[in-house]
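The values are calculated or read from the model by the stated rules, or taken from the named source; none is laboratory data. Values in this document were obtained by computation on a predicted structure and should not be read as measured data. When we count neighbours, we look across all protein chains shown, and the Cβ atoms used for this are built from the backbone with ideal geometry, even at glycine.
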């Protein structure tokens, strides 16, 4: 699992930061990419990476402010010309279906692949063999959601020494044992996987919050995340303005991470009022509360290693 930050600014694009978009690459897990938000020019940002739009099969929209959705019609259209023919599903708040369908209809856009649009509420969003995604309504001027992506526990390592002690030598049979609860070998003996495999590997947890005021009511939703992505539109001196405009500060994001036993915090959605010379101050404010904090820039990457 690897995060690619395609846009880390808020409101309007700046010379240093495009507006919100974040790609989660699951190439080893599923040979797919999940996109979170799709601000203006997201597809232009993708051109500066190795990401392939045809591999994007799920898009999660946090809320319907323009800096999070204005790039969506263009990306959906371009995917038709870039080899994308598999189903793509877009998840988002009430209104996302009308926005997409109206944009495509008025522009005369005809997609060459099946498109599904799912309007979400709090709770379960989607589940497959490897991941569960749940949503939490946040505190913003319009409906805004956070997404918690939970990887299911994975089978432990095969105990090769134990297998050999039982007279089962290395070969393709090892893979068969790992993939099946029980198998029969040549002499008729039944091999149970549970007898020859180590403890399950705990799945990783990633939480991505959309725009929101600071609130500790979200602590249980982000608790124990391996990585928490949190907006930090303002520095702490602008806390009153952050509250007024339904946003958060660096210190507020760090406090939530600290109180929720998060392993790593990544700040994003930085106001265009801040220039490169201000970034250290923003980061230092957060690290004063929660040391394992990073400030994302456009094209930053964060690897989420296996537990």
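Any chance the stretch 210-218 includes a residue that's at pLDDT 95 or above and in contact with a strand residue (DSSP E or B) (Cβ under 6 Å, 6 or more places away or on another chain)? Yes: one or more hits. Selection of helices (runs of 4 or more DSSP H) fully inside the stretch 1-77 by the criterion of at least 1 residues being over 13 Å from the mean Cα position of the chain (by Cα) and either crowded, with 22+ Cβ neighbours inside 10 Å or not assigned by TED's automatic domain parsing to the domain that holds residue 227 (or both) returns 42-46, 66-69.
Give the number of residues within the stretch 268-293 that are farther than 20 Å from residue 204 by Cβ and within 20 Å of the chain's Cα centre (by Cα). Qualifying residue count for the region: 2. Residue check: residue 98 meets all listed conditions (1) in contact with a strand residue (DSSP E or B) (Cβ under 7 Å, 6 or more places away or on another chain); (2) without any contact (Cβ under 8 Å) to a residue 12 or more places away in the chain but one, namely (1).
Residues of the stretch 149-187 that are under 19 Å from residue 201 (Cα atoms) and in contact with a helix residue (DSSP H, G or I) (Cβ under 6 Å, 6 or more places away or on another chain): 158, 177, 181. Going by what's in this entry, would residue 84 be described as farther than 30 Å from residue 199 by Cα, modelled with pLDDT under 90 and in contact with a helix residue (DSSP H, G or I) (Cβ under 9 Å, 6 or more places away or on another chain)? So residue 84 fits the description; yes. The residues of the stretch 69-81 that are out of contact with any helix residue (DSSP H, G or I) (no Cβ under 8 Å at 6 or more places or on another chain) and under 17 Å from residue 102 (Cβ atoms) amount to a single one, 70. Considering the conditions (1) outside any strand (DSSP E or B); (2) in contact (Cβ under 8 Å) with a residue 12 or more places away in the chain, residue 126 is excluded by exactly one of them, (1).
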